[in-house]
1. Assess whether LYS63 counts as being under 11 Å from the mean Cα position of the chain (by Cα), open to solvent by 10 Å² or more (accessible area, probe 1.4 Å) and closer than 13 Å to PRO107 by Cβ.
2. From the list ASN93, ASN105, exactly one residue is part of a loop (DSSP other than H, G, I, E, B) and among the polar types (S, T, N, Q). Which is it?
3. Restricting the search to segment 1-20, which residues are within 19 Å of LEU64 (Cβ to Cβ) and open to solvent by 70 Å² or more (accessible area, probe 1.4 Å)?
4. Quick check on ASN21: is it among the polar types (S, T, N, Q), modelled with pLDDT under 95 and in a loop (DSSP other than H, G, I, E, B)?
5. So which residues in segment 23-38 are without any contact (Cβ under 8 Å) to a residue 24 or more places away in the chain and not aliphatic (A, V, I, L, M)?
6. Answer with yes or no whether ARG35 is modelled with pLDDT under 95, out of contact with any strand residue (DSSP E or B) (no Cβ under 7 Å at 6 or more places or on another chain) and of a type in the set (D, E, K, R).
7. What are the residues in segment 98-118 that are open to solvent by 70 Å² or more (accessible area, probe 1.4 Å) and not aromatic (Phe, Trp, Tyr), if any?
8. Among the residues of segment 123-146, which ones are open to solvent by 50 Å² or more (accessible area, probe 1.4 Å), part of a helix (DSSP H, G or I) and without any contact (Cβ under 8 Å) to a residue 40 or more places away in the chain?
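The values are calculated or read from the model by the stated rules, or taken from the named source; none is laboratory data. If you're wondering where the values come from, they're calculated on a predicted model, not measured in any experiment. Backbone-built Cβ (ideal geometry, glycine too); neighbour counts: all protein chains shown. Surface areas here come from the heavy atoms of the whole protein model, side chains and all, with no ligands, DNA or RNA. Shrake-Rupley method; radii C 1.70, N 1.55, O 1.52, S 1.80 Å.
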Amino acid sequence: NNLTNCVHLSLSTNAIEKMINMPGLRNLKILSLGRNQIKKITGLDEVGATLEQLWISYNLIEKLDGLQPCIKLTTLFISNNKIKSWDEINKLNQLPELTNCLFYNNPIYVEYLKENAKEDPKYIVLKRLPQLKTLDGATVTDKDLKIAEEKE
């Protein structure tokens, strides 16, 4: 493997259907897999110790399993996927460094807005992930966190 020194690997828009293990990418910090056909997050065991950013928007992902090895992950861009359950968001609590996420245009947002037209789904996310500093491209404020805290 000649990619030992690779820090940013971009494989976006390649019709990739499956994530595979990436041995030898010991220095990988940013993995960009947006605009593919990925259904499941897998194969991150080899890069979990160094990966800081995962850009995986515009895929077919329903579940947020497979991120456990990514102990240094700070950024998860996973908008425009198929996440249907708020329980999936709860799984991200196992990522101690996570501070920046994109979730918009997932079914959890779309369905929430249908039922609660006047409420922003970001508060539901912040109730579950209060450590976030940036959500859906906007800085999280103290006011946002206070509103989120009051949610059921």
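1. Details: under 11 Å from the mean Cα position of the chain (by Cα): yes; open to solvent by 10 Å² or more (accessible area, probe 1.4 Å): yes; closer than 13 Å to PRO107 by Cβ: yes.
Taking the combined requirement at face value, the residue satisfies it.
2. Working: ASN93 fails: part of a loop (DSSP other than H, G, I, E, B).
Step by step, each of ASN93, ASN105 is checked, and only ASN105 is part of a loop (DSSP other than H, G, I, E, B) and among the polar types (S, T, N, Q).
3. First pass over segment 1-20, keeping only residues within 19 Å of LEU64 (Cβ to Cβ): 16-20.
Result: GLU17, LYS18, ILE20.
4. On the way: among the polar types (S, T, N, Q): yes; modelled with pLDDT under 95: yes; in a loop (DSSP other than H, G, I, E, B): yes.
Against the criterion (among the polar types (S, T, N, Q), modelled with pLDDT under 95 and in a loop (DSSP other than H, G, I, E, B)), ASN21 qualifies.
5. Residues satisfying the conditions are PRO23, GLY24, ASN27, GLN37.
6. Taking the combined requirement at face value, the residue does not satisfy it.
7. Of segment 98-118, the ones open to solvent by 70 Å² or more (accessible area, probe 1.4 Å) are 104-105, 111, 113-115, 117-118.
ASN105, GLU111, LEU113, LYS114, GLU115, ALA117, LYS118, listed by residue number.
8. LYS127, ASP142, LYS143, LEU145, LYS146
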